[in-house]
Amino acid sequence: MSPSRFRALSRREFVSAITAAPLAWAAARADEAVPASRAFTQAAPPITSAAQLLDVEEFESLARNALPPAHFGYLATGVDADRTVALNHEAFSRYAIRAFRFNDLTHLDSSRKMFGETWPSPLYLSAVSAMRAFHPEAELAVARGAAKHSTPLMLSVGASTSVEEVIKARGAPVWQQLYPTNDWAVTSGVVRRAERAGCTAIVVTVDSRGARNNESLRRAMQIDNRTCTACHPGNSHDMWKRGPMFSGLDVSHITGLAPADQSAAFLARLRALVKTKLILKGVVTAEDAALAVDQGADAIIVSNHGGRNEETLRATIESLPEVIAAVRGRIPVMLDGGVRRGTDMFKALALGASAVGIGRPYAWGLAAFGQAGVEAVIDILNRELSGIMQQAGTATLADITRAHLVRAGS
């Protein structure tokens with residue numbers, strides 16, 4: 001949906017949409033064009049398995065139907081009118097792919113080497129917290145699904161399952177995401193536990209300063225007034241009061257997810273604390289990227305939290321080029337936010353990203369079909385990436401360059 005056509009749902013429309021069937025939801029957003037491939041009058045057969053779905057966005061309506069309103073609202077919400085959420089994906093359509101026809105594609109290789117490891121593709125699963133809200137097996141189902149495809153997994157510090165259990169289910173180390181909070185003792189405790197468990201990277205989220213106005217979540221909560229002690233002990237929504245990663249730590253002094261003084265000195269202190277790889281998630285400007293490199297970060301993730309924390313109206317794919325220019329190849333730069341297609345992955349790689357992360361899509365898969373849904377989402381995206389690599393004439397990821405992109409309409 002283009003920015004000029006974006007219209008936030010009123011509370012009445014939201015209430016109607018989130019409790020209705022997928023067709024009612026579509027009617028509430030009737031300004032969106034329906035792809036020709038879906039515009040059939042004959043009813044589709046009932047969806048009974050993840051294998052029936054053809055693209056990752058089809059999982060969203062199934063997740064909506066499977067989840068209580070507040071749980072889906074938590075997953076879907078952005079800030080204010082949710083425009084940054086929409087623009088994250090819309091911005092990918094501003095780039096078109098130039099296809100080269102005369103190439104040797106006898107051996108197609110979509111693998112990526114990162115931090116001494118070889119991944120089968122540049123795709124990784126970014127952190128999504130409290131996944132028991134989406135499926136009883138929570139992060140364990142995600143870990144097993146990721147293991148099937150040898151896909152890297154970043155575990156949220158607000159996970160429903162302990163890092164030790166997730167690593168066991170994954171059968172390999174994971175990256176531990178971290179909100180540094182305002183309490184350094186808690187920050188240190190989480191890092192030490194993650195490193196003892198075998199995590200190979202600490203991913204510090206740096207875009208969570210201040211309050212966020214999650215209107216869609218608040219609307220969903222207004223129509224979902226359950227007392228949900230199964231997911232939220234004491235009915236608390238503060239992750240440090242319910243998350244296993246904070247178990248055994250004194251969290252009584254935490255008042256927020258980020259310190260007030262998130263400065264160069266803070267980054268230096270983090271670098272001294274973290275003994276494994278230090279990745280900074282949420283960098284979107286050249287100035288911050290240069291500072292991150294100067295302070296010893298091992299990698300950067302260009303991210304706006306999927307639009308959940310800010311209404312800047314700037315998509316991550318639009319932020320990526322300036323970050324790449326500032327880093328000058330000194331450390332890897334990854335990207336997440338709005339990735340829904342293999343072509344989206346291709347475009348990010350062409351602009352210089354080393355790897356591409358997804359969050360909501362695999363959570364939709366989890367909510368709809370558990371582990372099988374997670375696996376299906378990974379498989380669809382990897383399959384689509386392989387397809388566009390062949391169409392564009394790129395046998396390896398190294399062959400994907402800026403020369404493969406033009407602005408749409410050029």
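Numbers below:
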quantity	calculated
Hits in the range 326-348 (condition: assigned to a helix (DSSP H, G or I) and either closer than 21 Å to LEU87 by Cα or without any contact (Cβ under 8 Å) to a residue 24 or more places away in the chain (or both))	GLY342, THR343, ASP344, MET345, PHE346, LYS347, ALA348
Selection count, the range 275-321, where residues are farther than 20 Å from GLN177 by Cβ, assigned to a helix (DSSP H, G or I) and more than 17 Å from the chain's Cα centre (by Cα)	7
Residue check, PHE115 touching a residue at least 24 places away in the same chain (Cβ under 8 Å) and on the phi > 0 side of the Ramachandran plot	yes
Test for ALA185: is it closer than 30 Å to ALA372 by Cβ and surrounded by fewer than 19 Cβ atoms within 10 Å (Cβ to Cβ)	no
Strands (runs of 3 or more DSSP E) contained in the range 83-134 and holding at least 2 residues more than 24 Å from ALA367 (Cα to Cα) and basic (Lys, Arg)	112-114
Matching residues in the range 377-400 - criterion: being within 21 Å of ARG94 (Cβ to Cβ) and out of contact with any Gly (no Cβ under 9 Å at 6 or more places or on another chain)	GLN391, ALA392, THR394, ILE400
In the range 116-149, residue surrounded by the fewest Cβ atoms within 10 Å (Cβ to Cβ) [restricted to those that are among the aromatic types (Phe, Trp, Tyr) and at pLDDT 95 or above]	TRP119
Matching residues in the range 137-167 - criterion: being on the phi < 0 side of the Ramachandran plot and either among the small types (Gly, Ala, Ser) or without any contact (Cβ under 8 Å) to a residue 24 or more places away in the chain (or both)	ALA141, ALA143, GLY145, ALA146, ALA147, SER156, GLY158, ALA159, SER160, SER162
Counted residues, the range 358-410 - those being surrounded by fewer than 24 Cβ atoms within 10 Å (Cβ to Cβ), modelled with pLDDT of 95 or more and part of a strand (DSSP E or B)	3
Count of residues meeting criterion [assigned to a helix (DSSP H, G or I), surrounded by fewer than 11 Cβ atoms within 10 Å (Cβ to Cβ) and of a type outside the set (A, V, I, L, M, F, W, C)] in the range 245-274	0
Count - residues of the range 135-184 that are in a loop (DSSP other than H, G, I, E, B), touching a Phe, Trp or Tyr at 6+ places or on another chain (Cβ under 8 Å), under 30 Å from ASP224 (Cα atoms) and not β-branched (Val, Ile, Thr)	1
Restricting the range 334-357 to residues that are within 11 Å of PHE92 (Cα to Cα) and in contact with a Pro (Cβ under 8 Å, 6 or more places away or on another chain), the residue that is surrounded by the fewest Cβ atoms within 10 Å (Cβ to Cβ)	ARG340
Test result for ALA299, touching a Pro at 6+ places or on another chain (Cβ under 7 Å) and in the same structural domain as ARG193 (by TED's automatic domain parsing)	yes
Residue that is nearest to the chain's Cα centre (by Cα), among those in the range 142-200 that are among the basic types (Lys, Arg) and within 22 Å of ASP298 (Cβ to Cβ)	ARG170
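The values are calculated or read from the model by the stated rules, or taken from the named source; none is laboratory data. Quick caveat, the model's predicted, so the values are computed rather than measured. With ideal geometry, Cβ positions are generated from the backbone for all residues, glycine too; neighbour counts draw on all protein chains shown.
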